[in-house]
């Protein structure tokens, strides 16, 4: 019998709610919550938060393990994006790669490649591919963009005002997907009793395969962070701007935490950690604002918030309903320059970010508003990794 869970927002796809109901009926489930950006995913819905008793669910974490956001705020005016447009376009184009198979001919360096990749047999085999993809951005809703962040009042040691900022969204690339799929197959083999939608919620005890998965997940967390740092560091060196502040957070991960007076494993699939005082980044779409936020530590959501606006239609439907002409006309009116993307990522494919933020004012407090101005995503035709 399904346990009850807390829900934020009203524009929730019934299919996502049904996925959450399935997760809440698992015998290992302790508690759950659904964020206002919720939509359908594999196993646990995107925007789903699930606490379990001493087990981890690979598809409760997600395919793109440790997908994350990172923002660099510069001591520069966003007006430079107009006055030196070509420079900032080159900064993005030259310092990352997009697409499912994107990699560098000359490998980038980061200390993450000195970690123990032999921690599991799976990660050992993935090290070389992961090294080639270090500093790349993938496909789907992943992006690298410049924009304007506005602080209405002093925050983070910065004075109120408008600043140039770099924002990126991507994860653990092919390595994370391989880890997710391998250990999901292992979990399914341990639970032949699961049928239908339950199959994608197969779990691993925190020993044996579960211990392996946890070690691999932690490594993918470090690798996903390294991807962002390599991109940001390369762009910083290219521009030679002074950096005022950097913020990052990840979703698609599992944490050992204490809730309801007990130790549990909290899966946040497409959900942002929002403990009291914790900084987070919640993006909108290519033509809608994102927000720099501070978590309020709401126990009812298990210290979680949305990870974005959330899709309101499938990729297939978006490509069917919209055209590049109307998209480019709209972006021009919003002062957004799109370098590349798929039609499945048009702004209207997403929920209204302001509605999403208003639905979670008890979860996070916005302190900065970011507006995209120069955006790059994977070109059309790429298969999404998220």
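With respect to the numbered conditions (1) assigned to a loop (DSSP other than H, G, I, E, B); (2) in contact (Cβ under 8 Å) with a residue 12 or more places away in the chain, which one is the sole condition not fulfilled by residue 361?
So residue 361 meets the others, but not (2).
Determine which member of the set 185, 207 is at pLDDT below 95 and more than 14 Å from residue 254 (Cβ to Cβ).
207
Taking the condition of being surrounded by 19 or more Cβ atoms within 10 Å (Cβ to Cβ) and out of contact with any helix residue (DSSP H, G or I) (no Cβ under 7 Å at 6 or more places or on another chain), how many residues in the stretch 9-23 meet it?
Summing the residues that are surrounded by 19 or more Cβ atoms within 10 Å (Cβ to Cβ) and out of contact with any helix residue (DSSP H, G or I) (no Cβ under 7 Å at 6 or more places or on another chain) in the stretch 9-23 gives 4.
Among the residues of the stretch 55-63, is any free of Cβ contacts under 8 Å to residues at least 60 places away in the same chain and crowded, with 19+ Cβ neighbours inside 10 Å?
No, the conditions are met nowhere in the stretch 55-63.
For the stretch 79-118, how many residues are closer than 13 Å to residue 130 by Cβ, at pLDDT 95 or above and either in contact with a strand residue (DSSP E or B) (Cβ under 7 Å, 6 or more places away or on another chain) or buried (at least 18 other Cβ atoms within 10 Å of the Cβ) (or both)?
4
Return the residue satisfying two criteria in turn: it lies in the stretch 158-183 and is surrounded by 24 or more Cβ atoms within 10 Å (Cβ to Cβ) and more than 30 Å from residue 242 (Cα to Cα), and of such residues it is farthest from the chain's Cα centre (by Cα).
183
Helices (runs of 4 or more DSSP H) wholly in the stretch 18-94 with at least 3 residues that are over 25 Å from the mean Cα position of the chain (by Cα) and closer than 21 Å to residue 231 by Cβ - which ones?
85-93
What do you reckon, is residue 163 modelled with pLDDT of 95 or more, part of a strand (DSSP E or B) and in contact with a strand residue (DSSP E or B) (Cβ under 7 Å, 6 or more places away or on another chain)?
Spelling it out, residue 163 is indeed modelled with pLDDT of 95 or more, part of a strand (DSSP E or B) and in contact with a strand residue (DSSP E or B) (Cβ under 7 Å, 6 or more places away or on another chain).
Out of all the residues in the stretch 210-226, is one or more assigned to a loop (DSSP other than H, G, I, E, B) and either in contact with a strand residue (DSSP E or B) (Cβ under 9 Å, 6 or more places away or on another chain) or surrounded by fewer than 23 Cβ atoms within 10 Å (Cβ to Cβ) (or both)?
no
How about the stretch 287-312: which of its residues are over 14 Å from the mean Cα position of the chain (by Cα), in a loop (DSSP other than H, G, I, E, B) and crowded, with 24+ Cβ neighbours inside 10 Å?
302, 303, listed by residue number.
For residue 333, indicate whether it is closer than 29 Å to residue 160 by Cβ, free of Cβ contacts under 8 Å to residues at least 24 places away in the same chain and surrounded by fewer than 19 Cβ atoms within 10 Å (Cβ to Cβ).
yes
The values are calculated or read from the model by the stated rules, or taken from the named source; none is laboratory data. Computed from a predicted model, the values in this text were never measured in an experiment. Glycine gets a Cβ as well: all are built from the backbone with ideal geometry, and neighbour counts include every protein chain shown.
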